[in-house]
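The values are calculated or read from the model by the stated rules, or taken from the named source; none is laboratory data. Source: prediction; values computed, not measured. Note: ideal-geometry Cβ built from the backbone for every residue, glycine included; neighbour counts use all protein chains shown.
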């Protein structure tokens, strides 16, 4: 297990300015740039991962390092896999220390975009590290709660976090009672070697999901319902 607490990152003010839909050179843009500078001073995105092995595979279940997970999709995706890489990645709770009025919703929106960029940097860093350290080649990822509710239930965040011990002590991420992560710009999942492209969105029936990255795939959905 390794906690990456010194993740390199670049906050591109111009790119963030464009995402925030602010006019370059405006007073608001200058205020935004100062806000980005303040975030850059305190931000510390982080990642946590471990090399794990599958102990057993059942009917819709997978046991990883002694922890049982229930998901037909996960079981099917790991059918020919013996080694996996559970991870948690976060923007870091330091970003939330940037001074701002509690009820300033505009700056809250700005901060959300900055935190998303920090999370992206941490995810990219972890992906690159795994590729160079373990020579994984082509990989796929599954995340608890992605896709339809029963694809890999979000409640299994608890089992995923248990693989690491205290995630909060290691990188500052904790689970709420509804199994969401704090800081909000955090992602958990399992990366594994795979020759088949997989995207959880292909197992999601929500037609108007703003985060959709791929269309629903009925053939894939049907295949997941079958036992491996």
Going through (1) at pLDDT 95 or above; (2) in contact with a strand residue (DSSP E or B) (Cβ under 9 Å, 6 or more places away or on another chain); (3) exposed (fewer than 15 other Cβ atoms within 10 Å of the Cβ); (4) farther than 25 Å from residue 108 by Cβ one by one, residue 169 fails only at (2)
Checked against (1) assigned to a helix (DSSP H, G or I); (2) touching a helix residue (DSSP H, G or I) at 6+ places or on another chain (Cβ under 8 Å); (3) at pLDDT below 95, residue 131 satisfies every condition except (2)
Taking the stretch 148-166 and keeping residues in a helix (DSSP H, G or I) and surrounded by fewer than 19 Cβ atoms within 10 Å (Cβ to Cβ) leaves 154, 155, 158, 159, 162
Would you pick out the residues in the stretch 167-197 that are without any contact (Cβ under 8 Å) to a residue 60 or more places away in the chain and part of a helix (DSSP H, G or I)? 168, 169
Can we say residue 187 is surrounded by fewer than 17 Cβ atoms within 10 Å (Cβ to Cβ), within 24 Å of residue 53 (Cβ to Cβ) and at pLDDT 95 or above? no
What pairs come out if I take residues in the stretch 101-116 that are farther than 16 Å from residue 9 by Cβ and pair them with residues that are in a helix (DSSP H, G or I) whose C-beta lies under 7 Å away, six or more apart or interchain? 107/35; 110/32; 110/35
Selection within the stretch 1-28 - over 26 Å from residue 88 (Cβ atoms) and not in a loop (DSSP other than H, G, I, E, B): 13, 14, 17, 18, 27, 28
Only one of (1) out of contact with any helix residue (DSSP H, G or I) (no Cβ under 6 Å at 6 or more places or on another chain); (2) surrounded by 14 or more Cβ atoms within 10 Å (Cβ to Cβ); (3) closer than 30 Å to residue 133 by Cβ; (4) modelled with pLDDT of 95 or more does not apply to residue 111, and that is (3)
Which residues, taken from the stretch 85-108, are surrounded by 23 or more Cβ atoms within 10 Å (Cβ to Cβ) and over 27 Å from residue 16 (Cα atoms)? 86
So residue 44, is it assigned to a helix (DSSP H, G or I), touching a residue at least 24 places away in the same chain (Cβ under 8 Å) and under 24 Å from residue 129 (Cβ atoms): no
If you scan the stretch 52-84, which residues turn out to be more than 22 Å from the chain's Cα centre (by Cα), part of a strand (DSSP E or B) and surrounded by 15 or more Cβ atoms within 10 Å (Cβ to Cβ)? 57
